[in-house]
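> Okay, handing you the structure first.
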Amino acid sequence: MNWFVAVLKKYADFSGRARRKEYWMFILIYVLIAVVVGFLDGMLGDKSILSGLLAIGLLLPSLAVTVRRLHDTDRSGWWILIGLVPAIGGIVLLVFTVLAGTPGSNQYGEDPLGEAEPG
């Protein structure tokens, strides 16, 4: 949960780098929360209002952590737009987020593996 909160604390920080663990732990917790909220939407029968609020509320943090993850692989944050390309774009973005980050410093900052874990 600390990784999720750490991303929320940097909700609009598009600079710097995010290690794989930070990115994927955020995604995992986001999906788990979305499943619970989706279940609640179904139980309440309110036509996905809670799910919509969750998606809107976490849109900016999701974009920011994805851009920082791309920075860790020494790619511009604009590569996030490749996800808009039908079929292949999402796969390419997935590969970029799974790749190991650039060891040492790169143009986007210091290696996040050298930093302490949130907590």
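The values are calculated or read from the model by the stated rules, or taken from the named source; none is laboratory data. Being a predicted model, the structure only gives us computed values, none of them experimental. Every residue, glycine among them, receives a Cβ derived from its backbone with ideal geometry; neighbour counts consider all protein chains shown.
Rundown of residues vs (1) at pLDDT below 90; (2) surrounded by 18 or more Cβ atoms within 10 Å (Cβ to Cβ), yes/no style:
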residue	(1), (2)
Met1	yes, no
Val5	no, no
Arg17	no, yes
Glu22	no, yes
Leu32	no, no
Ser48	yes, no
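> Let me ask something else about it. Can you spot a residue in the stretch 104-118 that is closer than 20 Å to Val5 by Cα, buried (at least 17 other Cβ atoms within 10 Å of the Cβ) and in contact (Cβ under 8 Å) with a residue 12 or more places away in the chain?
Looking only at the stretch 104-118, we keep the residues that are closer than 20 Å to Val5 by Cα, and these are 112-118.
Those left that are additionally buried (at least 17 other Cβ atoms within 10 Å of the Cβ): 112.
Retained after the next criterion (residues that are in contact (Cβ under 8 Å) with a residue 12 or more places away in the chain): 112.
Yes, the stretch 104-118 has at least one match.
> Hey, another quick one. Can you tell me which residues in the stretch 81-96 are part of a helix (DSSP H, G or I), surrounded by fewer than 19 Cβ atoms within 10 Å (Cβ to Cβ) and either in contact with a helix residue (DSSP H, G or I) (Cβ under 7 Å, 6 or more places away or on another chain) or not aliphatic (A, V, I, L, M) (or both)?
Ile82, Gly83, Gly89, Gly90, Val92, Phe96, listed by residue number.
> I would also like to ask the following. Does Gly83 fit the bill of being farther than 18 Å from Leu28 by Cα, under 15 Å from the mean Cα position of the chain (by Cα) and not β-branched (Val, Ile, Thr)?
Details: farther than 18 Å from Leu28 by Cα: yes; under 15 Å from the mean Cα position of the chain (by Cα): yes; not β-branched (Val, Ile, Thr): yes.
Yes; evaluated as a whole, the condition is true for this residue.
> Follow-up. Examine the stretch 72-80 for a residue that is basic (Lys, Arg) and in contact (Cβ under 8 Å) with a residue 40 or more places away in the chain, and state whether such a residue exists.
no
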